[in-house]
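Here's the structure, in structure tokens; my notes come after.
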Amino acid sequence: DQQVKQNSPSLSVQEGRISILNCDYTNSMFDYFLWYKKYPAEGPTFLISISSIKDKNEDGRFTVFLNKSAKHLSLHIVPSQPGDSAVYFCAAVRTGANSKLTFGKGITLSVRP
Amino acid sequence: DTGVSQDPRHKITKRGQNVTFRCDPISEHNRLYWYRQTLGQGPEFLTYFQNEAQLEKSRLLSDRFSAERPKGSFSTLEIQRTEQGDSAMYLCASSLGEKLFFGSGTQLSVL
């Protein structure tokens with residue numbers, strides 16, 4: 001049972017354009033969401049997060065949007081840079097429990113120079 | 001370097017052998033997690049410690065797997081009688097709250 005879904009396995013964008021990575025979840029108990037970035041042969045690195053009490057969180061080129069009614073979140077990267085090419089994982093957690101993150105399968109982003 | 005450290009980075013073993021991985025978390029973090037990742041999948045939760053207490057184990061963690069965190073500091077993950085299906089990247093993470101900090105992982109290959 002995939003509680004966090006990243007249905008698009010890959011995305012290719014031109015340098016300087018916007019990258020939009022989507023994520024859906026099924027468990028309504030999730031109340032905190034995170035995006036991680038992963039390069040090959042390395043562990044995931046935290047990128048940005050959002051609490052369910054917000055609908056937007058911004059950090060530099062990265063913005064995460066949350067639509068609770070649709071159980072959907074998205075990560076926007078603008079402008080995209082070649083160094084952003086990596087696998088991006090969406091993760092969700094129910095706070096106050098053991099903070100066990102549930103991850104999606106990831107999206108491979110390729111930014112073309 | 002004050003990040004999460006994992007050792008070894010790579011391990012190649014023959015089927016049936018035992019392997020042990022080590023994780024040194026960020027020193028002030030009381031929570032420690034083990035995850036497993038295979039190609040095309042996201043990290044899958046294996047087990048979780050708060051200080052030295054192992055509070056949750058996934059059903060993915062068969063009887064051949066055991067994890068310890070003596071004294072609430074470093075942790076070890078042992079796999080006995082390895083099988084080819086155990087080949088994966090084993091990730092350790094630590095935290096104080098919801099944001100997990102991951103190590104670089106141990107890539108296990110079982111031949």
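The values are calculated or read from the model by the stated rules, or taken from the named source; none is laboratory data. Treat the numbers as computed from the prediction; the structure is a model and nothing was measured. Cβ: placed from backbone, ideal geometry, glycine included. Neighbour counts: every protein chain shown. Heads up: the accessible areas ignore ligands, DNA and RNA and are worked out on the full protein's heavy atoms, side chains in. Shrake-Rupley method; radii C 1.70, N 1.55, O 1.52, S 1.80 Å.
Only the Cβ atoms of Lys and Arg (+1) and of Asp and Glu (-1) were treated as charged; on that basis the dipole of chain A about its Cα centre amounts to roughly 120 debye. Here residue A:37 is the anchor, and the lysines within straight C-alpha reach of less than 28 Å, apart from those fewer than 8 places off in the same chain, are A:5, A:54, A:56, A:68, A:71, A:100, A:105, B:11, B:57, B:99.
About the Cα centre, and with charges only on the beta carbon of Lys, Arg (+1) and Asp, Glu (-1), how big is the dipole of chain B? Nearest 20 debye, please.
Numbers: 14 positive and 13 negative charges, 65 e Å.
For chain B, the charge dipole is close to 320 debye.
On a per residue basis, chain B carries 51 Å² of accessible surface, using protein heavy atoms and a 1.4 Å probe.
Mind running the shape call on the protein assembly as shown? Use the C-alpha gyration tensor, a ≥ b ≥ c as the square roots of the eigenvalues: rounded below 1.5 for a/c, prolate if a/b tops b/c, oblate otherwise.
Values: a/c = 1.88, a/b = 1.49, b/c = 1.26.
It comes out prolate by the Cα gyration axes.
Looking at the stretch A:37-113, the accessible area is 45 square angstrom per residue; that uses a 1.4 Å probe and ignores ligands, DNA and RNA. Interface residues of the stretch B:77-111, defined as a loss of at least 30 Å² in heavy-atom accessible area between the chain alone and the complex of all protein chains with a 1.4 Å probe, are B:89, B:98, B:99, B:100, B:102.
Shielding by partners for peptide A:31-42, expressed as the average number of C-beta atoms from other protein chains within 10 Å of each residue's C-beta, is 3. Charges were assigned to the Cβ only: +1 to each Lys and Arg, -1 to each Asp and Glu. The resulting dipole of the protein assembly as shown about its Cα centre is roughly 360 debye. Treating each Cα of chain A as one equal point scatterer and applying the Debye formula with no solvent, the log10 of I(q)/I(0) at q = 0.17, 0.22 Å⁻¹ comes out as -0.76, -1.25.
Placing B:64, A:112 in order of accessible area, with the largest value first and a 1.4 Å probe, yields A:112, B:64. Shown here for the stretch B:1-72: GluC sites (Glu not before Pro) in loop regions (DSSP other than H, G, I, E, B) with at most 14 other Cβ atoms within 10 Å, namely B:28, B:52. For the chain pair B and A, buried accessible area totals roughly 1700 Å², probe 1.4 Å, rounded to the nearest 100.
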